[in-house]
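Have a look at the structure below before the remarks.
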Amino acid sequence: MMAGAGAWPLLAHLASAADGPGRRELREAVGMDAATASQAAQAVLSIMDGSTAIRSALGLWTRPDLPLRPAWLAALLAGLHGELISDPAAGRLRIDAWADEQTGGLVPAMPLQLTDSVLLVLAMALTVRTTWLRRSPNGTDLFESGPWAGREIHVLHRRTHVLDRAGVADTPAGPLTLLRVMGTGGIDVHLVLGDDSMKPGHVLTAAIDVLAGRHPTTPATLLGAGSPGPGLTVRHGRDRPPDDVLNVTVPRFTISSAHDLLGLPEVFGLAIVTDPDRGHFPGISPQPLAVTQARQNAVATFQATGWVAEPEAEHHTGSAGG
């Protein structure tokens, strides 16, 4: 699980302050002109702040002897600006407390290795919380196939006459079954299930393309009897009243992930700016700086009352060029 919305604003702020080949690489990663990247990051954060379901916050911590460019600092708007104290352990506690507060305790600590060489920490906390428009009852069920085959696990049940909440998409990777669960604050959660033979990465890539309208989806009302998609069965029978019904059983789950963005530096535009032999961010400070750490932790919970997602990302810079 990776949250682009939690990492993109940070990369945009770095792109606006970079120069040379590092600026070009970050520009390609954020997908826009580096000169306007900070303004775009501000706009994205403003849009998210306008949602009742989303809470976002920027945090910046710097060593007191690190001079900062006023223009770059102003571009961070009203984000927290704290001081990196000389005691790394105590400084880490301060940053962890910020993370815990911003995520309601779901991410109690930042994935941070704070040392004397770290001069600046730029972090973002993003919280998405939505309550289902209709609560799903809890229960248990025994699954016959899939990753939970033979196990009795906690599930959520939903019964609705709105069949088009579900559908089957035809993708190059294989058929996908999709279920849309509507929440408050303009947030909908899309659950996607692929065939057992499909790898998770293929399912995710195909699902993004489906939601972007690149592959056709057949709504449940137009599906024939049988098993038209993974985990989906269509049956014809008599009922009173004779209305079509969509019965949904979904496992409750909490998933967490930890990503080192420097494991794929080219993807995030961080390959060049990690070179410690020179500075890359004159727009941040006249002192040479290079990226030394870039990580994201994320937690997501699907429960009876709603959905909670907490991605948190940070970039740490140290001195460069001697």
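The values are calculated or read from the model by the stated rules, or taken from the named source; none is laboratory data. Quick caveat: nothing in here was measured; it's all calculated off a predicted structure. Virtual Cβ from ideal backbone geometry, glycine too; neighbours counted across all protein chains shown.
Select from segment 185-227 the residues that are β-branched (Val, Ile, Thr) and free of Cβ contacts under 8 Å to residues at least 24 places away in the same chain and write down the one among them that is nearest to Val168 (Cα to Cα).
Looking only at segment 185-227, we keep the residues that are β-branched (Val, Ile, Thr), and these are 187, 189, 192, 203, 205, 208, 210, 217-218, 221.
With the extra rule that they be free of Cβ contacts under 8 Å to residues at least 24 places away in the same chain, the set shrinks to 192, 208.
On the way: Val192: 10, Ile208: 14 Å.
Selected residue: Val192.
What residue, of Glu83, Glu101, is under 23 Å from Ala17 (Cβ atoms) and among the charged types (D, E, K, R)? If you could, list the steps in order and put the result at the bottom.
Details: Glu101 fails: under 23 Å from Ala17 (Cβ atoms).
The match here is Glu83.
What pairs can you find where one residue is in segment 135-161 and free of Cβ contacts under 8 Å to residues at least 60 places away in the same chain, the other is surrounded by 11 or more Cβ atoms within 10 Å (Cβ to Cβ) and among the aromatic types (Phe, Trp, Tyr), and their Cβ atoms are less than 6 Å apart, with a gap of 6+ or different chains?
Listed pairs, sorted by first residue: Ala149/Phe143.
Residue by residue, here is whether (1) on the phi > 0 side of the Ramachandran plot; (2) at pLDDT 95 or above; (3) assigned by TED's automatic domain parsing to the domain that holds Pro67 holds:
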site	(1), (2), (3)
Thr218	no, yes, no
His236	no, no, no
Val267	no, no, yes
Val273	no, yes, yes
Gln287	no, yes, yes
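Taking Ala41, is it within 30 Å of Thr254 (Cβ to Cβ) and in the same structural domain as Trp72 (by TED's automatic domain parsing)?
Numbers: within 30 Å of Thr254 (Cβ to Cβ): yes; in the same structural domain as Trp72 (by TED's automatic domain parsing): yes.
So Ala41 fits the description; yes.
Determine the pairs where a residue that is in contact (Cβ under 8 Å) with a residue 24 or more places away in the chain, located within segment 245-265, has a partner that is assigned to a strand (DSSP E or B) and among the basic types (Lys, Arg) with Cβ atoms under 6 Å apart, the partner being 6 or more residues away or on another chain.
Asn247/Arg159; Val248/Arg158; Asp260/Arg295
Name the one entry in Leu73, Leu80, Leu66, Leu114 that is touching a helix residue (DSSP H, G or I) at 6+ places or on another chain (Cβ under 7 Å), surrounded by fewer than 18 Cβ atoms within 10 Å (Cβ to Cβ) and of a type outside the set (Gly, Ala, Ser).
Details: Leu73 fails: touching a helix residue (DSSP H, G or I) at 6+ places or on another chain (Cβ under 7 Å); Leu66 fails: touching a helix residue (DSSP H, G or I) at 6+ places or on another chain (Cβ under 7 Å); Leu114 fails: surrounded by fewer than 18 Cβ atoms within 10 Å (Cβ to Cβ).
Result: Leu80 is the single residue among Leu73, Leu80, Leu66, Leu114 that is touching a helix residue (DSSP H, G or I) at 6+ places or on another chain (Cβ under 7 Å), surrounded by fewer than 18 Cβ atoms within 10 Å (Cβ to Cβ) and of a type outside the set (Gly, Ala, Ser).
Would you please name the residue that is surrounded by the fewest Cβ atoms within 10 Å (Cβ to Cβ), looking only at residues in segment 166-189 that are in a strand (DSSP E or B) and within 21 Å of the chain's Cα centre (by Cα)?
Looking at the filtered set, the residue picked out is Asp188.
For a quick check of your reading of the model, give me the residue pairs whose first member lies in segment 28-46 and is in contact (Cβ under 8 Å) with a residue 60 or more places away in the chain, whose second is part of a helix (DSSP H, G or I), with beta-carbon atoms closer than 6 Å and at least 6 apart or on different chains.
Ala29/Leu11; Ala29/Phe268; Val30/Leu11; Val30/Ala12; Val30/Ala15; Val30/Ala37
Every residue in segment 85-112 that is assigned to a loop (DSSP other than H, G, I, E, B) and closer than 25 Å to Ala309 by Cβ, please.
Initially, segment 85-112 is screened for residues assigned to a loop (DSSP other than H, G, I, E, B), giving 85-87, 103-112.
Selection gives Thr103, Gly104, Gly105, Leu106, Val107, Pro108, Ala109, Met110, Pro111, Leu112.
Identify, from the list Gly229, Gly185, Gly213, the residue that is on the phi > 0 side of the Ramachandran plot, at pLDDT 90 or above and in contact with a Ser or Thr (Cβ under 6 Å, 6 or more places away or on another chain). Give the derivation first.
On the way: Gly229 fails: on the phi > 0 side of the Ramachandran plot; Gly213 fails: in contact with a Ser or Thr (Cβ under 6 Å, 6 or more places away or on another chain).
Selected residue: Gly185, the only one of Gly229, Gly185, Gly213 that is on the phi > 0 side of the Ramachandran plot, at pLDDT 90 or above and in contact with a Ser or Thr (Cβ under 6 Å, 6 or more places away or on another chain).
Consider Ala169 carefully, then state whether it is over 28 Å from Met32 (Cα atoms) and modelled with pLDDT of 95 or more. Let's see the steps before the verdict.
Working: over 28 Å from Met32 (Cα atoms): yes; modelled with pLDDT of 95 or more: yes.
Considered against the rule, which asks whether it is over 28 Å from Met32 (Cα atoms) and modelled with pLDDT of 95 or more, Ala169 comes out as yes.
Quick one: what pairs do we get from segment 1-26, first residue surrounded by fewer than 24 Cβ atoms within 10 Å (Cβ to Cβ), second assigned to a helix (DSSP H, G or I) and acidic (Asp, Glu), C-beta under 9 Å, 6+ apart or different chains?
That search, which allows pairs on different chains as well, returns Glu25/Glu266.
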